[in-house]
Amino acid sequence: SVTDIFTAPEMRPYTKTFFTSDFLAKDYFWKSFIGGAFITIAMTGLDQDMMQKNLTIEHLKDAQKNILSYSAVFIPVVILFLILGALLYVYAAAEGITLPDRADLVFPEIAINGNLGMGLSVIFLLGLIAAAYSSADSALTALTTSFCIDFLDIEKREPQKQKRIRQQTHVGISALLVVVIVIFNYVLDDSVIDLLFMAASYTYGPLLGLFAFGIFTKIKVKDKWVLLVAILSAAVTFALGQIPAAYLGGYQVNYELLVLNGALMFLGMFLIREPRAVKGDTPQS
């Protein structure tokens, strides 16, 4: 029953939320909280695909209301998914189902081999496919648009050629996405979502630092060096993330690497600043 979800002893191993006993541990609450907050800022706040609905709202206060109302709806949904995920583990234990080590394979494993019956198994798989497509379609559209406009300069070509190029690019990116999925399937030792967030710590860090530098300062920089600074920032952060915990006194790094990455990018931007030049300055003869 619904009340058993919160009282059953089988659920106790999955109901702990705040891990605050060991600062060195990877799942220490404040490391996850701060890192997660900045990942949300970077992956959502700096993403045109995610923010365009807010950018099209006429007034700032209405856009803020939209973000807050979305959060109010989103948080209960996340809690519901966490509860359902715990129930999958409880169900697997009760049915004697051997689950894979990777958490993102638990759902399909139970859908296929979970003694659910044909009807429920089909519904499980359809839900999984629908969730994947709802994310893939916007990503494919954004990648196609970016590649066609930023790399192929498609807007300068004839309309008929534009259509053909867009179609070919869309098919090509779709094929590339399939290849990436297959590679991930064979090389991953951990769940995809964990790898995604760790990858975001490296790839979104320079973007976060770049936006922060542009918003909070008026310093002009040497544009030709920005890409190099971004690559070095990500590379240094990646190298620090590979240091074994034993060399850090037992400290296990987590998503706080994104904050460090952004800070390195911010510092790098300051180092490549134009001498005595501020945005808006009028060049002197």
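The values are calculated or read from the model by the stated rules, or taken from the named source; none is laboratory data. Being a predicted model, the structure only gives us computed values, none of them experimental. Heads up, the Cβs are rebuilt from the backbone with ideal geometry, glycines too, and the neighbour counts pull from every protein chain shown. Each accessible area value is taken on the protein alone, full model and side chains, heavy atoms only, with ligands, DNA and RNA left out. Shrake-Rupley method; radii C 1.70, N 1.55, O 1.52, S 1.80 Å.
For segment 210-251, the equivalent ellipsoid derived from the Cα gyration tensor has semi-axes of 30, 13, 6 Å, listed largest first. Estimated from helices alone, the mean residue ellipticity of the chain at 222 nm is -22000 deg cm²/dmol (sum of -39500 (n - 2.57) over DSSP H runs with n ≥ 4, per residue). Go ahead and run the numbers for FRET between Ala212 and Ala246, Cβ-Cβ distance against an R0 of 35 Å, rounding to 0.05. The pair Ala212/Ala246 has a calculated efficiency of 0.60. Rolling a 1.4 Å probe over the protein heavy atoms gives segment 162-201 an accessible area of 70 Å² per residue. For segment 19-64, the share of accessible area belonging to carbon and sulfur comes to 64 percent (1.4 Å probe, ligands and nucleic acids excluded). With 0.36 nm allotted per residue and the present C-alpha distance subtracted, the Ile112-Met11 stretch has 34.0 nm of extension available. Using the Cβ-Cβ distance between Phe151 and Leu46 with R0 set to 25 Å, the FRET efficiency from 1/(1 + (r/R0)^6) comes to roughly 0.75. Each listed q (0.16, 0.22 Å⁻¹) maps to a log10 I(q)/I(0) for segment 25-92 from the Debye sum over equal C-alpha point scatterers, namely -0.77, -1.07. To put it simply, the accessible area of segment 100-158 at a 1.4 Å probe is 66 percent carbon and sulfur. Pairs of Cα atoms nearer than 8 Å and 6+ residues apart set the relative contact order; for the chain it is 25 percent. Among Glu256, Glu109, Glu58, determine the one that fluctuates most according to a GNM of the chain built with springs between C-alpha atoms less than 10 Å apart. Maximum among the listed residues: Glu58.
Cross-link reach is defined here as a Cα-Cα straight distance under 29 Å, omitting same-chain residues fewer than 8 places apart; for Lys224 the lysines meeting it are Lys156, Lys279.
Over all pairs of different C-alpha atoms, the chain has a mean inverse distance whose reciprocal, the Kirkwood radius, equals 22.9 Å. May I ask for the percentage of alpha-carbon pairs in segment 148-208 that lie more than 16 Å from each other? Everything past 16 Å amounts to 64 percent. Distance in nm between label sites at Leu188 and Leu125, each 7 Å beyond Cα in the beta-carbon direction? Distance between the two pseudo-spin positions: 1.9 nm. Working value for segment 6-120: equivalent-ellipsoid semi-axes of 34, 21, 14 Å, each the square root of 5 times a Cα gyration tensor eigenvalue, largest first. Springs between Cα atoms under 10 Å define the GNM used for the chain, and in it the highest mean-square fluctuation of Leu258, Leu60, Leu227 occurs at Leu60.
Shown is the FRET efficiency for Ile181 and Tyr70, computed with R0 = 22 Å from the Cβ-Cβ distance and rounded to the nearest 0.05: 0.15.
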